[in-house]
1. Given axes a ≥ b ≥ c from the Cα gyration tensor, I'd like to know whether segment 77-383 is rounded (a/c under 1.5), prolate (a/b larger than b/c) or oblate.
2. Of the cross-linked pairs Lys6/Lys390; Lys118/Lys441; Lys55/Lys334, which ones have a Cα-Cα span greater than 32 Å in the structure shown?
3. Once the Cα atoms of helix 81-90 and of the chain are each reduced to a long axis, what angle between those two axes, in degrees from 0 to 90 to the nearest 10, is obtained?
4. Taking 8 Å as the Cα distance limit and 6 or more residues as the minimum spacing, I'd like the relative contact order of the chain as a percentage.
5. Which Cα, out of Pro380, Val204, Leu313, lies furthest along the positive dipole direction of the chain (beta carbon charges, K/R +1, D/E -1)?
6. Would you mind computing, in nm to one decimal, how far apart the modelled labels at Thr14 and Ala139 are, each placed 7 Å from Cα along Cα→Cβ?
7. How large is the charge dipole for segment 77-383, taken about the Cα centre, if only the Cβ atoms of Lys, Arg (+1) and Asp, Glu (-1) carry charge, to the nearest 20 debye?
8. Determine the gain in length on full extension of the stretch Ile194-Thr209; use 0.36 nm per residue of separation and subtract their C-alpha separation, reporting nm with one decimal.
Amino acid sequence: MTMLIKGGTVVSATGTSETEVLVDDDTVVALLAPGSDLATSAEGGADTVLDASGKLVVPGGIDAHTHMELPFGGTYASDTFETGTQAAAWGGTTTIIDFAVQSYGQDVRACLDEWQGKADGQCAIDYGFHMIVGGVDDASLKLMDVLVDEGITSFKLFMAYPGVFYADDGQILRAMQKANGNGAMIMMHAENGIAIDVLAEQAVSRGETAPIHHGYVRRAELEGEATYRAIQLAKVAEAPLYIVHLSASQALEAVANARNEGRNVFAETCPQYLYLNLEDHLGAPGFAGAGYVCSTPLRSKHEHHHRDLWQGLRTNDLSVVATDHCPFCMKDQKELGLDDFRAIPNGIGGVEHRMDLMYQGVVAGELSLPRWVELCSTTPARMFGLYGRKGVIEPGADADIVIYDPKATTTISVETHHMNMDYSAYEGTKIDGKVDRVISKGRTIIADDAYHGTKGDGQYLRRGLSQYLL
Ligand code: URP
Ligand code: ZN
Ligand code: ZN
């Protein structure tokens with residue numbers, strides 16, 4: 001079956017063009033100049049012709065940081081691979097990279113098998129895995145080499161959450177040395193968890209138990225310090241480093257300094273760190289702030305984090321926007337921490353809204369259209385070994401294509417979102433622009449405000465090494 005998408009503006013990481021896109025089955029086969037003999041004959045011969053006039057034609061979004069069904073704080077992230085990937089599709093994301101989780105003392109292989117089992121046959125869109133190594137020991141280090149060969153080419157370590165996922169500096173160094181040998185990317189949750197736990201204990205003993213104290217104790221300095229330390233450890237190990245969910249100016253400065261020295265240090269941020277803040281959201285009346293408890297935390301609006309992060313997105317010191325999608329319902333989940341912010345499960349759901357929220361950066365003049373595509377699709381593909389197949393509309397690529405209507409508007413709400421959450425962190429946010437149609441491997445899965453896909457359409461992606469390291 002062939003499909004011609006005509007009349008739209010095709011946006012890539014390098015520019016825009018008024019080209020027509022010809023898809024055969026699940027693959028892009030040609031980009032055609034409108035009106036050319038080839039375009040005309042393609043229109044006559046294509047099984048389907050889509051008119052994208054006035055719309056943007058962009059590569060499907062790649063969310064490189066999601067946590068479907070993540071076990072956290074005695075509960076599980078509320079989206080399954082089925083519900084979470086459908087929600088992603090609604091928002092124009094056609095690939096996720098989720099995190100398989102190994103905790104201390106567990107067998108990495110068994111944990112990965114468990115995550116493969118959770119996702120297999122459930123997903124609406126293609127998916128890959130990073131591996132969380134919560135227990136760095138001889139066995140897990142050895143398996144890192146094997147997993148790289150199997151297409152799991154990135155490993156997340158934690159400088160936070162002592163007693164849960166925390167790795168000490170020696171363990172981190174050993175894992176980084178491994179990555180030096182096998183070409184993997186080390187992804188770091190960079191917060192000084194030991195110091196944070198002391199501050200959290202002190203806060204609770206003073207009776208400071210409300211959600212906003214989650215943000216007060218997870219000081220920006222402690223994200224900056226951990227980021228700097230991770231960068232130094234990576235330098236010693238001669239390994240690349242990717243900082244996840246960066247939220248503080250201090251951390252961005254450490255990343256920018258390392259990059260100015262020519263180091264292979266990369267960082268992602270997430271929409272919540274660009275739009276939400278500590279005072280208004282974490283500090284919302286009553287217990288509502290619990291809905292904004294995530295780590296790293298939302299930062300103070302009285303400092304310059306938002307401004308600096310937008311700038312970092314332009315200078316490429318921040319090169320990826322992911323969501324860190326980790327939803328929990330208020331009822332029975334966030335409520336676990338009613339009396340103590342330390343017991344609130346950490347995470348915000350947003351996999352459905354990333355393309356829309358980042359498009360607001362284009363509307364506001366913070367980002368160009370090509371940079372929007374680069375941050376949300378092309379660089380994640382290149383960073384995590386998917387490029388060529390994903391992240392681009394060109395012959396040979398998977399036909400993962402979003403038709404985006406820049407003139408339509410929507411409003412984000414729990415009433416209309418598709419994530420399995422009983423609130424929205426972005427309730428009432430007005431969006432200029434709207435996902436009009438989502439095509440995954442040549443098949444329309446979202447159109448006319450309806451889902452047309454089937455559970456299990458999404459397939460597992462074996463990933464290659466990061467292109468930025470070759
Ligand atoms: O609050 C967050 N980020 N929850 C998910 C786990 C993590 O650290 O990414
Ligand atoms: Zn993290
Ligand atoms: Zn995360």
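1. rounded
2. Those over the limit are Lys55/Lys334.
3. Helix 81-90 sits at roughly 50 degrees to that axis.
4. 22
5. The listed residue farthest towards the positive side: Leu313.
6. With each label placed 7 Å out from Cα toward Cβ, I get 4.8 nm.
7. Roughly 580 debye for segment 77-383.
8. Length difference between fully extended and current span is 3.5 nm.
Read-outs: derived from the displayed coordinates by stated rules, not from any lab. No experiment lies behind these values; they were computed from the predicted model shown. All Cβ positions, even for glycine, are placed from backbone atoms using ideal geometry, and neighbour counts span all protein chains on display.
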